[in-house]
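Below is one structure, written out as structure tokens; comments come after it.
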Amino acid sequence: MYKKVLISIIICITIATLSSCKTDTADPNFYVYLCFGQSNMEGQGAIEIIDKEVDSRFLVMQTLDCPKLDELARVKGSWRKATPPLSQCITGLSPADYFGRTMVENLPKSSRVGVINVAVAGCDIRLFDKDLYKNYDTTYKEKWFTDKIALYGGNPYKHLINMAKIAKKEGVIKGILLHQGETNAGDTQWPNYVKKIYNDMLIDLSLDASTVPLLAGEVVAVKGSCCSQMNPIINQLPAIIKSSHIISSQNCTAKDKAHFDSEGYRELGKRYALKALELLSK
């Protein structure tokens, strides 16, 4: 009898020890990228037939509950195949779409790529400043703007961080993609605003700038565009943030003065990916 009790105790101790020594289950081959910005990162391009076929290795974390979007309920905080739209419930094609597609096309078959896209059309970059966001949540007084912010619990930055913390349990955050600047066109302090937000992200997610670069895209630069004067300011970012890289929008086609068209988003997304792949190879 005592022998049986002793065996039982040993088994219990062994189970407890194994449980306490449980290792992190995050997949090192699951590369996660955080995406944020305003309307172009939200996605304003028409979703065409060619955009609906997606490799199963490219995933998106659903950032909002969208139960009526299609035949499959889209649940906040869960991964799904990255069929557009990737931001909110009813948006369009964005740079994140062809960023992820290009990544998985060029990575080993054992690798997966996931994106988390939190973006607000029309926002000032400081809406993503954890300390200042309340001063910029009514930049536009229209209901469409405040409704978008409300979708993210009134705090898009915190929402993105919360989603990223969920993602860290399953994969490795490899970079941050930014597309914003139209609302801040001409503001020479923009690189400093971005630096503050980027540093906050690194701290709040326990990330290192040396392994989590920031990729920032230029705004629409076609003739007659609204905000191309912002691009020289965007290009100053690497002087302020050493781990930042600029993605050119040169010759990316647009549907209006502020937004790329579908082909423009495809090309811009590929350019983000080519830079990310280059950085992964170093």
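No lab work stands behind these numbers, since they all come straight from the coordinates. In this text, all values refer to a predicted model and were calculated from it rather than measured experimentally. Using ideal geometry, Cβ is built from the backbone for each residue, glycine included, and neighbour counts are taken over all protein chains shown.
Observations on the model:
- Here Trp144, Trp190, Trp79 are placed in order of increasing Cβ neighbour count within 10 Å, fewest first, which gives Trp144, Trp79, Trp190.
- Set Lys168/Lys196; Lys76/Lys158; Lys148/Lys169 screened for pairs whose C-alpha atoms are more than 18 Å apart: Lys168/Lys196; Lys148/Lys169
- Dipole magnitude of region 25-280 about its Cα centre (Cβ charges: Lys, Arg +1; Asp, Glu -1), debye to nearest 20: 420 debye
- Stretch in the chain that is longest and holds no GluC sites (Glu not before Pro) that DSSP places in a loop and that have at most 13 other beta carbons within 10 Å: 143-282
- Listed by chain and number, the lysines whose alpha-carbon sits under 20 Å from that of Lys282, ignoring those within fewer than 8 places in the same chain, are Lys109, Lys174, Lys242, Lys270.
- Cβ-based exposure ranking for Ser262, Ser206, in which fewest neighbours within 10 Å come first: Ser206, Ser262
- Cβ-based exposure ranking for Cys227, Cys123, Cys89, in which fewest neighbours within 10 Å come first: Cys89, Cys227, Cys123
- Here the Karplus relation 6.51 cos²θ - 1.76 cosθ + 1.60, evaluated at θ = phi - 60°, turns the backbone of region 173-182 into coupling constants of 6, 10, x, 10, 10, 10, 9, 6, x, 4 Hz, with x for every Gly and Pro.
- Each of Leu279, Ile233, Gly45 was scored by the projection of its Cα onto the charge dipole of region 25-280, and the greatest displacement toward the positive side belongs to Leu279; charges sit on the C-beta of Lys, Arg, Asp and Glu.
- Short-range pairs are left out: with C-alpha atoms under 8 Å and at least six residues apart, the relative contact order of the chain is 22 percent.
- Between the Cα long axis of helix 262-280 and the first principal axis of the chain there is an angle of about 50°, rounded to the nearest 10.
- Gyration tensor (alpha-carbon) shape descriptor, region 200-282, a/c threshold 1.5: prolate
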